[in-house]
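In what follows, a single structure is set out as structure tokens and then discussed.
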Amino acid sequence: MARRERNLEERRARLARLQEGLERKRSRAHRRRRLALGGLALVAGLVLAGLVGLQFLDRLPYGSRILEVGWERLARIRSNYPSLDPVWTALGWVLPQEGSGPLAHQPRFAADAPLLDPPVPNLTARAGTARYPDYFPVGGLLAPPLRYFISCENSNRAGELRTLADRPVDPPSRGLLRGMEFVYEPCLYDGIAPARVPRGQWADGAQVIHRSALAGDPARFRLERGGSLRINPGRVGVNKFDVGRFHAEVSDIEVDVPNSADSGALWFEVFPSATDDVLTTLVVRDSSFSGARNAFFVPPGATMLYIERSRFGPNGGSDYDQEHTIYLNGIVSAHFVDSVIFGQQAKGSIGGHLLKARPALTILENVAFDTGGSPTTPSNRPMADLPTLGWIWAEDLAFRRRQPDSPTTRNAVIGLRRDRYVGGRGARGRVQVPWPTAADWEMPMAPGECDEDVSEDVYLQVFRGVRIESHRMEPFGIRQSGFVDTEFNGLKPVTSKEELLGHPRRNRALTLYGSVTGDIRAPAAAQGYFGSTWGPPSYVCPISDVTNLNMIRVVRSQDAFVETALRKISLANGDLIRRAEIKR
């Protein structure tokens with residue numbers, strides 16, 4: 001009996017130990033499950049917080065640049081490893097740059113939406129007689145002594161421009177040229193280029209005019225190969241080229257040259273004289289230009305432009321990042337009214353701008369920008385690339401940014417950049433701006449402040465009434481780059497990033513905005529840009545923050561703004577505009 005009881009006790013003890021071991025195992029497994037579930041919950045929370053945070057990353061300092069660089073690197077990975085396309089697709093649902101997925105902004109327009117029209121219909125009625133801005137110099141020009149009346153029927157039959165008397169249009173190239181006018185019968189000139197201005201010696205005050213014989217009914221030119229409307233008198237020799245003043249006008253002309261290798265479908269270029277005292281002006285009305293490397297091209301020089309009720313785009317070049325719908329490189333002024341600019345070509349992440357302009361004075365009134373209408377993918381670059389080193393008056397602008405065939409879209413819709421080409425260089429290296437560098441200058445106020453009257457001492461950019469539609473929610477509409485000291489020697493800037501960051505008040509440009517609305521999170525970026533990295537804080541403010549009465553007068557009146565800008569520009573170009581008028 002005693003042995004039996006001992007055996008039972010031993011069995012009970014072993015069973016108790018087994019049960020205790022099982023309980024310990026169950027407890028350890030339960031703890032492991034709790035830890036695993038807690039870890040998974042923590043990871044899921046971090047991932048969710050990260051994904052939500054990515055939607056707002058571009059609002060933070062350096063956030064936009066982080067996203068931009070990240071997408072560029074992912075694009076390289078995608079091209080090198082096609083098998084990662086499913087991963088790329090998944091990323092497109094969480095990262096804000098793609099503009100797709102559950103957290104992304106849905107655009108207000110369809111992918112095939114028509115091109116934008118100017119935002120204010122019929123702002124400028126068609127004038128019965130030519131009108132010009134008050135500041136624009138047009139007095140005392142010579143009446144063109146040569147006039148060619150060009151026949152549509154005779155020209156198309158002969159395959160070249162012919163007059164109503166069925167004679168070839170062959171302007172003289174010798175002697176002193178005092179000007180010429182080409183009057184086209186309105187129709188389609190198929191395979192025929194507009195008349196070419198001869199090179200030679202032009203008189204002071206000469207004019208060249210291209211126009212339709214019937215206002216409102218354009219003369220249309222289309223060439224599959226080559227051709228452009230090129231106004232380029234050129235020069236025979238420096239000592240023979242005696243132009244102190246040259247003027248050109250184009251009205252009711254349409255040119256489409258999709259495969260032309262010319263620099264512009266409209267190409268305006270007049271070389272300076274030996275003394276560099278040459279002022280050239282161009283007026284374009286009710287016209288349309290497309291094709292060539294740039295739809296509209298003007299190289300550096302003392303040139304003033306006035307463009308009214310015209311359309312530009314698309315361009316036809318293949319050097320996508322160096323050619324643009326409109327390329328104005330280093331001129332005195334450019335004034336666009338009631339016009340449309342569209343269709344800059346691109347290839348993947350490589351593209352140009354709808355408007356790349358480097359005038360000392362830029363005026364944009366009632367202008368529409370649209371990346372649609374290109375035979376290639378829309379460009380992902382800033383739609384308007386304008387100078388920080390210059391004066392800009394922009395009023396009633398509309399932008400429509402369509403989805404590019406690129407994983408990245410540059411963050412600025414309007415990019416303001418410091419560029420060594422601004423203002424142009426004449427034969428003797430003259431620039432058209434008064435302060436080519438910011439040496440020995442500091443802003444009297446801190447970045448983001450606008451309560452000082454600096455209208456006479458800095459470059460001003462004023463944007464009022466800007467509406468932006470985009471395939472995504474843009475982080476901001478306007479970005480001002482850092483002001484970089486640059487030697488005008490055709491080389492790179494001489495200011496380092498470290499020096500720029502250490503001297504944020506060296507900026508000599510002030511950007512003001514009012515009513516910048518649409519698919520944007522902020523009207524303007526708080527930081528500048530230097531090369532490929534973010535720079536110091538920008539001098540960007542709402543117009544409503546301006547409190548000084550003289551500053552208010554300058555930034556709220558276009559006439560006062562232009563007067564201030566031209567007064568400063570005249571200091572740089574030797575008062576060329578006023579002297580050209582006095583010579584009349």
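Between Glu456 and Asp559, 0.36 nm times their residue separation minus their Cα-Cα distance comes to what?
Full-extension gain reported as 35.6 nm.
Under the rule of at least 5 residues apart or a separate chain, name every residue whose amide H is placed under 5 Å from the amide H of Ile192.
Arg222
Which distance in nm do the two modelled labels at Ala110 and Ser27 give, with both placed 7 Å along the Cα-to-Cβ direction?
Rounded to a tenth, the inter-label distance reads 6.9 nm.
Enumerate the amide H contacts of Gly140 below 5 Å, restricted to partners 5 or more residues apart or on another chain; note that Pro and chain-start residues carry no placed amide H.
Amide H neighbours of Gly140, under 5 Å, 5+ apart: none.
Computed from the coordinates by the stated procedures, all read-outs in this text should not be read as laboratory data. Since the model is a prediction, treat every value here as computed from it, not as a measurement. Cβ atoms come from the backbone with ideal geometry, glycine included; neighbour counts cover every protein chain shown.
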